[in-house]
Structure formats: structure tokens, C-alpha cells
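What follows is one structure encoded as C-alpha cells, with my remarks underneath.
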Amino acid sequence: MASTRTIRTIIDPALSGAANMARDESLLSGVSEGESPPTLRLYQWECPTISLGYFQRFADYLALAKPAGELPVVRRLTGGGAILHDLELTYSLAIPNEHELLSSGANRLYELAHDAIIACLNQMNIESNRCGTTDDSTPTRGPFFCFERRHCYDVVTGLQKIAGSAQRRTRQAMLQHGSIVFGNRFDQHKVAEVDRPFLETIEQISREFPSQLANVTGETLEIGNWLEAELDAAAQLISKYAGDEWTKRT
């Protein structure tokens, strides 16, 4: 097992919404049980997909206008508003509750991850910073889409939100995941323009984010691989996230 001062980094291929959420839950469970090391995971989605926050009503998704209302949908473990995953990079970070990164409280993890995102974007000449203000959205109230909500820790470029995160905590561990969104092919909520090919932008962020997170946290991040047990657990969870009982639960 890696030291708690070392964070394993996994860069996944694009997967379905159900597979992505299953892998995040597998990481949270593995870290909770002490069988997985602290892990940063970077991933994309194989097709445009809407993820609902844990507390959101499925009926609100059904009420969406086309084409968004026809996209695949999955429900996250974490709260907050829905996200249209398309031209973006998603990260997840699973660490035990006793980890030093949580010693100053859960909100500190938002600050650290978002500071690393800001450093990546600024290095790419995409000027960004923390939002600094919070609206009155709650897990069950507010705009349907996360990127129409505002929290003081969100990352903005100009007036546009470009990154946000959410958390899920068990008694033993924390999962934080978030999206760096440059827009989507449906103009549902165009977030930011970039002056380079999208895939090149995402490749650069994937390469730079682990090192920038290491810089702001003082942790060591090392590229690693999935454990067979983690992948087996994720495979068993895919049916949960693809099924109606979980997705339509509210």
C-alpha cells in the first residue's frame, strides 16, 4: 500500500456515465475500507451525458427541452446541480478522513483542487480565479445546471464558471469530484472559449493538473494503475448506475 503522503494518479479513457460513476464509488469504497490508496482519477465521458446531483428530481431532467432532455442521464453520489458532460475533463479525488488534506476541514479540499485548476488554466493563458461569492442554491433548490449556480470556491474565467466540485463523505473517507467545462455541442450553457483544439487543451490539463495539485498540497502524486479488486467492484456497480432504481430515485 502506498504511503498516505503519496496520491496515486489514474488517467482513464472515456467511459459511459454508469461506468464512470461506478469507478468513483469503487474508489470511495476501497479507500474507506483501507484497501485502496488515496487516489486522483482523471477521466472523460464517451458521449455527451447529463449527471444529476444526488438530491435532484428526475422529473426536472424529463422537463428539459431538446436536445438536452434526450441525452443519456446518470445520477452522482455527490450533491449539487446537474452537469452536461461534453467538452470537459472530470476529476475525482478519494482520500481517507484522517488524511492531512482534510485536517483543516472539507472545504479546504475545494480550495486546494480549485487552486490547482486555476494554476493549470493560467499557465495556458486562460485567466481564471475563484468566484468569491455564493448564491442561495442548496442541494434541492437552485438552477438545474451546476454551472448556472455560484459558490465562492468555484473557478471562473471572467463572469463564466469553468470549474466546480462536490463531495460525498463516509465515516472513513471522502470523495470529491468536479468538472472543468469548456462548453458543449448543444449550447445549453456555453462556459468558455479556448483558442486551441479542445483535445489538445484537455490533454494539457490532464498532464499538468497532477503536478499543480502536488504544488499546492505538498503531496507526492505518482501515476499508478487500478487494482484488480477495484475494477471488479466497479464492474458490479455499473448496473446500479445504469438502472432506474438509482437514477430515478427522487
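Taken together, the values in this text are just the output of simple stated rules run on the coordinates, not laboratory data. In this text the structure is predicted, and so the values were computed from the model without any measurement. Cβ coordinates were reconstructed from backbone atoms using ideal geometry, including for glycine residues, and neighbour counts include every protein chain displayed.
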In whole percent, what relative contact order does the stretch 6-247 give with Cα contacts below 8 Å and a gap of six or more residues? 28
Contour excess over end-to-end distance, with Cα ends at ASP135 and ARG171 and 0.36 nm allotted per residue: 10.1 nm
Candidates ALA22, ALA63, ALA173; GNM for the chain (alpha-carbon contacts under 10 Å) flags as most fluctuating ALA63
The chain: calculated mean residue ellipticity at 222 nm from DSSP helix runs of at least 4, using -39500 (n - 2.57): -10000 deg cm²/dmol
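So how do PHE147, PHE58 line up by other beta-carbon neighbours within 10 Å, fewest first?
By the 10 Å Cβ count, ascending, the order reads PHE58, PHE147.
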Hits for the chain under the membrane-span-like helix rule (DSSP H, Cα axial span at least 24 Å, Kyte-Doolittle mean at least 1.6) are none
How would you rank ASP24, ASP12, ASP232, going from fewest to most other Cβ atoms within 10 Å of each one's own Cβ? ASP232, ASP12, ASP24
Stretch gain in nm, segment ALA235-ALA63, where the contour uses 0.36 nm per residue and the Cα spacing is subtracted: 58.8 nm
If I build a Gaussian network model for the chain, linking alpha-carbon pairs within less than 10 angstrom, which residue out of HIS151, HIS177, HIS99 has the largest mean-square fluctuation? HIS99
Could you size up the charge dipole of the chain around its Cα centre, putting +1 on the beta carbon of Lys and Arg and -1 on that of Asp and Glu, and report it in debye to the nearest 20? 660
May I ask you to list the residues of the stretch 133-151 whose amide nitrogen lies under 20 Å from a point 7 Å from Cα along the Cα→beta-carbon direction of GLU111? 133-135, 150-151
Net charge around GLU230, counting only other residues with Cβ within less than 14 Å of its Cβ (Lys, Arg = +1; Asp, Glu = -1)? -4
Set of aspartates and glutamates near LYS66 by C-alpha distance (under 19 Å), chain-local residues within fewer than 8 positions excluded: ASP86, GLU148, ASP187
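I need the fraction of alpha carbon pairs in the chain separated by more than 24 Å, rounded to a whole percent. Display every interim value, and only then the final one.
Working: 13258 of 31125 pairs.
Percent of Cα pairs beyond 24 Å in the chain: 43.
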Cβ crowding within 10 Å averaged over residues, with 212-218, 50-56 ranked highest first: 50-56, 212-218
Net charge within 12 Å of ARG130 by Cβ-Cβ distance, Lys/Arg positive one each and Asp/Glu negative one each, not counting ARG130 itself? -1
FRET efficiency for LEU227 and TYR54, using Cβ-Cβ distance with R0 set to 25 Å, rounded to 0.05: 0.45
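How much of the DSSP bridge set in the stretch 6-247 is antiparallel, in percent, rounded to the nearest 5?
In the stretch 6-247, approximately 70 percent of DSSP beta bridges are antiparallel ones.
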